[in-house]
Amino acid sequence: MGKLEDIVSLCKRRGFIFQGSDVYGGMAGTWDFGPLGVMLKRNIMDEWWRFFVDRRDDMYGVDAAILMNPRTWRASGHVDTFADPLVECKECHGRFRADKLVDGATESITTEEFLKAGVKCPTCGKENWSEIRKFNMMFETHVGPVDDDSSVAYLRPETAQGIFTNFKNVVDTIYPNIPFGIAQQGKAFRNEISPRDFVLRDRECSQMEIEYFVRPEEWEESFEKLRESQHEFLEGTMGLPKEMIHELEVPAEDRAHYSKRTIDFMFDYPNGEEELMGLAYRTDFDLGNIQRESGKSMEYRDKNTGESFVPHVIEPSIGVERLFLAVMSACYAEEEGRIVLKLPENLAPYKFCVSPLLKNKPELVEKAREVYEILKQKYTFVTWDDSGNIGKRYKKQDEIGTPKCVVVDFESLEDGAVTVRDRDTTEQIRVKIEEL
Ligand code: GAP
């Protein structure tokens, strides 16, 4: 694993991630995915969807609007409680998340506890603090041409509510057997006080969430199954090393307002252990609140037994950027004077790179083009590279994680075989073109 600055530099150099609005000096907490980043991000998101939705019989997808009726956020508790502890330095007026300045502190830190910790301002080094106040992290906007209290709306801080508000629509159109899950991928927005650690804490991020609806008495069984499947996905499909993932049973005082049990899946990022994803038991908190706020029944009617009840919910929720950074951190290696991104094949933006040994020999270029077309037909994600010398091409492909480089040389014209170089071992073998 590299240092965070090495990964940031690779991401910029090779077109994975750029600072948002870079040309205007940037915008804190926002990031733009470049050509390679988009490919890797899409692979991650597609694999998640295949694993949790396409391959299962008990999962359905939705893609809800980002702007939702503001009653959503009153009912969900976000208007009242989705807040972080904000503290201001009275000397330089820097604003910080109080719990992030004190080792081991939680979001419920009090002013007294904070002042006792003797924290110096990270910006000016002085120790003259305001009281801690709760800062609501939802981005507020106005919908329509009138800018008053009646037009206030919020950018969604979690995708989950778009699932809960569609619970009845899905039940009434699909008639799923309980237990079943509804999945969604999409943008979420949080006005983080201190965005940090590259894409780890952003103001605009993408979430992949499942709300899994169960009979109240069966929540523990589903919780365990979903817990196991998170490991299968993270370790098996994303290729994250088991020893870099740690489960944290979140104590009651640190859990989100809706949760009766939460396990955070922590990951060993370059700057230390941080939350990668959460698995929460949300009870009937959300459906119950929607029922009260809207006056509409959120009950599920079992076709077999005839009983009706408000289901309870287990929620696995993961941020795409955090998973992206975990994958990058786990795959980044510096060995024998080279940087190599050992991405699993299913995630690598390109599966093959094809090149002629020399680009000024038309017969080599023509043969290499033929090979390129064959592989492109078969694998789609194939790139062509005839820039610089072969060493430079290998260096570039190692850094963007291309598993195999295929080189056409003079011998290829004679024996119809090419050199295939393996990214991880740098071993080279000869393979007949028709056997590629
Ligand atoms: N619906 C539940 C929910 O939103 P959360 O723990 O606040 O719970 C879930 O967020 C996941 O979303 C986190 O584990 C993390 O992966 C990601 N996430 C949350 N806030 C983020 C941020 N500011 N930047 C990047 N990812 C974030």
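Just so it is clear, none of the values below were taken in a lab; they were calculated from the coordinates. Here the structure is a predicted model, which means the values were calculated and not measured. Glycine also receives a Cβ, built like all others from the backbone with ideal geometry; neighbour counts cover every protein chain displayed.
Explain nothing, just the number: dipole magnitude of the chain about its Cα centre with +1 on each Lys and Arg Cβ and -1 on each Asp and Glu Cβ, in debye rounded to the nearest 20.
1100 debye
Sequence neighbours fewer than 8 away in the same chain don't count; with that in mind, list the lysines whose C-alpha is under 20 Å from K392.
Cα-Cα hits under 20 Å: K12, K342, K351, K359, K361, K404.
Let me understand the range 322-436 better: what is its radius of gyration from the alpha carbons, and its Dmax, in angstrom?
Computed over the Cα atoms of the range 322-436, radius of gyration and Dmax are 14.3, 49 Å.
With labels modelled as points extended 7 Å from the Cα through the Cβ direction, what inter-label distance (nm, one decimal) is found for V23 paired with T380?
Going by the 7 Å Cα→Cβ label model, 3.0 nm.
Name the residue farthest towards the positive end of the dipole of the chain from the options L40, M138, G118, assuming +1 on Cβ of Lys and Arg, -1 on Cβ of Asp and Glu, about the Cα centre.
Comparing the listed Cα positions along the dipole, L40 ranks first.
Within the chain, what percent of beta bridges assigned by DSSP are antiparallel, to the nearest 5? Working shown, then result.
Working: 67 of 78 bridges.
The antiparallel fraction comes to roughly 85 percent.
Over 18 Å apart: what share of the alpha carbon pairs of the range 122-207 falls there, rounded to a whole percent?
Here the tail beyond 18 Å accounts for 66 percent of pairs.
With labels modelled as points extended 7 Å from the Cα through the Cβ direction, what inter-label distance (nm, one decimal) is found for R55 paired with A252?
A separation of 3.8 nm, rounded to one decimal place.
Where the Cα atoms of the range 149-301 are projected onto their three principal axes, how long is each span, largest first, in whole Å?
48, 43, 30
With a sphere of radius 11 Å drawn around the Cβ of M238, what net charge do the other residues whose Cβ falls strictly inside it have (Lys, Arg +1; Asp, Glu -1)?
Numbers: positive: none; negative: E47, E232, E235.
Its environment carries a net charge of -3.
With label points built 7 Å along Cα→Cβ from the Cα atoms of D46 and D147, find their separation and express it in nm.
4.4 nm
Remind me, relative contact order of the chain in percent, using alpha carbon pairs under 8 angstrom and six or more residues apart?
Relative contact order, the chain: 14 percent.
What FRET efficiency would be calculated for the residue pair S9, R215, taking the C-beta separation as r and a Förster radius of 41 Å, to the nearest 0.05?
Numbers: r = 51 Å, r/R0 = 1.23.
After rounding to 0.05, the efficiency reads 0.20.
What FRET efficiency, computed as 1/(1 + (r/R0)^6) with R0 = 60 Å and r the Cβ-Cβ distance, is obtained for L67 and T305, rounded to the nearest 0.05?
0.95
For the range 240-308, run through the trypsin sites (Lys or Arg not before Pro) and keep only the ones in DSSP coil with at most 13 other Cβ atoms within 10 Å of their Cβ.
The qualifying sites are K260, K296, K303.
State to the nearest 20 debye the size of the charge dipole of the range 104-246 about its Cα centre, where the only charges are +1 on K and R beta carbons and -1 on D and E beta carbons.
Once rounded to the nearest 20, the dipole reads 460 debye.
Give or take rounding to whole Å, what are the principal axis extents of the alpha carbon atoms in the chain, in descending order?
Rounded to whole Å, the extents work out to 77, 67, 49 Å.
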